[in-house]
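The values are calculated or read from the model by the stated rules, or taken from the named source; none is laboratory data. Keep in mind that this is a model prediction, so the values were computed, not measured. Here the Cβ positions follow ideal geometry from the backbone for every residue, glycine too, while neighbour counts run over all protein chains shown.
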Amino acid sequence: MDFLMYIADSLHFTKNIFFGNRIRCIIFLLLGIVSGVLSIYHNAIPHLENNRICWQVMYSWWIWGGLLVLWLLTNTVIAGFMIRVFRDPVSIPSFDNIKNLIYEGIIAVILIAVWAVPVLAGTFFSASPFILIALLLFLILVFPVSLFLFATTGDFRESLRISNILSTIRNSKWIKYLAAWGIVILGYLLIVVVTRIFWFAVMLFPLVPSIPVTLVKYGIFGYATLLLTIFFARLFTNVLGKHNAEEGIGTER
């Protein structure tokens, strides 16, 4: 029953975040669209060929670098806002003190990058898919707790201690923690399915230019993913916060 209340609260919180304030609604709309559209920057640019989207290697490094910097800045702001969601379980965070928001977003990105190192190392040095899957599962399990610990303690080193992470999950109950991840994964799969359906539906109309369709597709995907990100932060705040507050874990010093 508590877990269903966590889900309902997270949905209500996410709705208030995105639609409760006009200015915040516009900011999140822009962040989501930019984040989604810039996800196509990786190593190609779209061009038209027979009215269909094709891909061409991006040789212009200054364009590639500029898009990468903009993508990182956008996701740094989103990560910083996530930290604020983790920190305050009562009020809705704001975008004030932008310097602090970006600073905490950078710390959050660094934390995720630190936990991603074993996965990247396994990619380069191990050919076993089982090892790679195990490392990826490890990354998925630890990084929300690491962000939660940093948000609530303000201590970078404490948020990297495996013992702190495991005790935080144990206090919140493993079954609830894994169930929260299950909800988030289902949400992501739903976003992917809906985006694909939209893509195929639009492709039935051959006169629609492919580049605008691609931009709209990735924009919708980015905005929906941002919705899920805030829901994710709130859900894990609910799951991790209550029991660990009772145990004295994750409180600011």
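In segment 148-163, what count of residues is obtained for those that are at negative phi and surrounded by fewer than 20 Cβ atoms within 10 Å (Cβ to Cβ)?
Count: 9.
Report, ordered by the first and then the second residue, all pairs with beta carbons closer than 7 Å, sequence separation of six or more or different chains, a first member in segment 149-167 that is over 16 Å from Val85 (Cβ atoms), and a second member that is part of a loop (DSSP other than H, G, I, E, B) and modelled with pLDDT under 90.
Taking only residues 6 or more apart or on different chains, the pairs are Ser167/Ile249.
Pairs under 6 Å by beta carbon, first residue within 14 Å of Ile7 (Cα to Cα) and in contact (Cβ under 8 Å) with a residue 12 or more places away in the chain in segment 183-200, partner assigned to a helix (DSSP H, G or I) and not basic (Lys, Arg), six or more apart or different chains?
Val184/Phe232; Gly187/Leu228
Just to be sure, is Val119 within 15 Å of Ile140 (Cα to Cα) and either assigned to a loop (DSSP other than H, G, I, E, B) or out of contact with any Pro (no Cβ under 7 Å at 6 or more places or on another chain) (or both)?
When the stated conditions are applied, Val119 passes them.
So in segment 85-109, with the set limited to residues that are without any contact (Cβ under 8 Å) to a residue 24 or more places away in the chain and of a type in the set (A, V, I, L, M, F, W, C), which one is farthest from Ile140 (Cα to Cα)?
My answer is Ile98.
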